[in-house]
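S.K.: Please find one structure pasted underneath; my questions will follow.
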Amino acid sequence: MDDLTEMLKGTLEGCVLEIIGSEETYGYAITRRLNELGFVDVIEGTVYTILLRLEKNGLVQVTKRPSGQGPPRKFYALNSAGRKELATFWAKWEYLSSRIDKLKEGGR
Amino acid sequence: MGIQDLIEGKKQWRAHMARVKALPPDYHIVYKEMQKYLFKVGPVDLLDGPILTGIVDFFEEGAAAGKGVLQLIGPDIATFCDDLLKDSPTHADIYQRSINQNADT
Amino acid sequence: MNFWETVTGNDITRAWNSFEARAEALPADHQAAWEEIKGHLSSYSDFTGRNLTPILDAALGLLEEAASEGQGVHEVLGDDIKGFCTALAGGERSRDYRDRWREQLNRNVARKLAQLGG
């Protein structure tokens with residue numbers, strides 16, 4: 001689907017939290033995961049800015065690990081604040097999507 | 001970030017810029033232009049926070065994986081920069097807040 | 001003057017002296033721009049100048065960076081230094097300036113990358 005960027009903006013952080021929440025991972029792998037999911041326009045730079053914010057806000061634990069080629073890679077895992085944030089994200093998402101579904105069905 | 005820290009930080013700064021110089025030319029160009037923009041916008045944690053070193057870490061990884069810089073961050077460098085700054089107040093923000101506070105009292 | 005005022009006063013003086021030392025190392029054009037920036041920004045200064053210090057620091061850093069790159073003052077600050085200072089301090093027109101800086105950034109990158117490829 002084309003041009004999801006604007007709509008995706010507010011939810012991408014939650015998506016990244018979810019991906020990190022299932023296993024410790026790094027920027028490029030997160031980007032690929034999102035691309036495979038169908039968010040083809042998401043680029044590494046965007047994911048990087050999200051990871052930086054998660055780090056600054058103390059939601060992730062960052063570990064540098066050597067990579068096969070080039071400099072060490074930063075791996076991200078959720079800490080307890082991050083898990084709480086993820087739960088909040090899903091709660092908000094449930095609320096939002098249930099309201100919008102209702103609107104679409106013409107209910108009140 | 002105090003001035004004294006800046007002077008003491010000169011050595012780190014030189015080491016940082018040496019890493020920048022070692023990047024491939026396209027990364028080098030983008031980094032320098034970004035830095036100029038970030039200096040002007042002036043987030044308070046620019047010099048002691050993770051923004052600048054983080055960019056170099058990220059660029060080194062991208063370059064090592066054989067990607068071009070625009071492939072990595074897209075052509076809209078300004079939006080990339082603003083996303084980096086999202087949670088950082090700028091010197092201008094703080095200055096404005098301080099005069100508004102004075103005006104309130 | 002109480003203890004704290006003395007301490008913060010010295011602190012500010014030291015900061016400003018170090019600015020002047022850094023400014024002296026700049027080329028003449030950049031030094032002139034620095035004088036102009038200080039002039040404009042001093043109209044914003046509060047009692048201690050403390051909240052202005054980091055803004056001056058950023059402006060000076062920008063000039064130093066430009067000088068080390070062999071760039072002229074015009075190229076980094078544009079032709080309206082007063083407007084630039086307004087934006088630095090977050091004045092009313094600062095949004096316009098931020099937008100202009102954004103365009104400048106993307107344009108410079110596009111141009112320089114094209115030169116690189118050509």
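The values are calculated or read from the model by the stated rules, or taken from the named source; none is laboratory data. None of these values were measured; they are calculated from a predicted model. Note: ideal-geometry Cβ built from the backbone for every residue, glycine included; neighbour counts use all protein chains shown.
S.K.: Just checking, how many residues over the range C:26-45 are assigned to a loop (DSSP other than H, G, I, E, B) and touching a residue at least 24 places away in the same chain (Cβ under 8 Å)?
M.R.: Residues in the range C:26-45 being assigned to a loop (DSSP other than H, G, I, E, B) and touching a residue at least 24 places away in the same chain (Cβ under 8 Å): 3 in total.
Conditions (1) in contact (Cβ under 8 Å) with a residue 24 or more places away in the chain; (2) on the phi > 0 side of the Ramachandran plot; (3) away from chain A (no Cβ under 11 Å), marked per residue:
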position	(1), (2), (3)
B:55	yes, no, no
B:69	yes, no, no
B:75	no, no, no
B:86	no, no, no
B:90	yes, no, yes
B:95	no, no, yes
B:100	no, no, yes
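S.K.: Is one or more of the residues making up the range C:104-111 in a helix (DSSP H, G or I), surrounded by 12 or more Cβ atoms within 10 Å (Cβ to Cβ), of a type in the set (A, V, I, L, M, F, W, C) and more than 18 Å from the chain's Cα centre (by Cα)?
M.R.: yes
S.K.: Could you run through the range C:68-103 and say how many residues are under 16 Å from residue C:29 (Cβ atoms), modelled with pLDDT under 80 and away from chain B (no Cβ under 11 Å)?
M.R.: Number satisfying all stated conditions: 1.
S.K.: Additional query: Is it fair to say residue C:65 is part of a helix (DSSP H, G or I) and modelled with pLDDT under 90? It would help to see each step written out before you state the result.
M.R.: Numbers: part of a helix (DSSP H, G or I): yes; modelled with pLDDT under 90: yes.
In short, yes.
S.K.: Let me ask another. Enumerate the helices (runs of 4 or more DSSP H) found wholly within the range A:1-85, keeping only those where 3 or more residues are charged (D, E, K, R) and within 13 Å of chain B (Cβ to nearest Cβ).
M.R.: A:5-22, A:44-56
S.K.: Being modelled with pLDDT of 90 or more and not polar (S, T, N, Q) narrows it down to one of B:92, B:18, so name that one. If you could, list the steps in order and put the result at the bottom.
M.R.: Numbers: B:92 fails: modelled with pLDDT of 90 or more.
None of the others qualify; the one that does is B:18.
S.K.: Sticking with this structure for a sec: Considering only residues that are of a type in the set (Asp, Glu) and more than 9 Å from the chain's Cα centre (by Cα), look in the range A:8-32 and name the one that is farthest from residue A:60 (Cα to Cα). Working first, answer last.
M.R.: Our first condition is that a residue be of a type in the set (Asp, Glu); within the range A:8-32, this holds for A:13, A:18, A:23-24.
Remaining after also requiring more than 9 Å from the chain's Cα centre (by Cα): A:23-24.
Values: A:23: 12, A:24: 10 Å.
Restricting to residues being of a type in the set (Asp, Glu) and more than 9 Å from the chain's Cα centre (by Cα), the top hit is A:23.
S.K.: Moving on. Under 7 Å between Cβ atoms, which residue pairs at least 6 apart in sequence (or on different chains) link something in the range B:40-52 that is more than 8 Å from every other protein chain (Cβ to nearest Cβ) and at negative phi with a partner that is assigned to a loop (DSSP other than H, G, I, E, B) and crowded, with 21+ Cβ neighbours inside 10 Å?
M.R.: Cβ pairs passing all conditions: B:52/B:46.
S.K.: Scanning the range A:63-108 for residues that are in contact (Cβ under 8 Å) with a residue 12 or more places away in the chain and small (Gly, Ala, Ser), which turns out surrounded by the most Cβ atoms within 10 Å (Cβ to Cβ)?
M.R.: Among those residues, the one meeting the criterion is A:82.
S.K.: Here is a follow-up. Closer than 23 Å to residue B:56 by Cα and of a type in the set (Asp, Glu), is that true of residue A:36?
M.R.: Considered against the rule, which asks whether it is closer than 23 Å to residue B:56 by Cα and of a type in the set (Asp, Glu), residue A:36 comes out as no.
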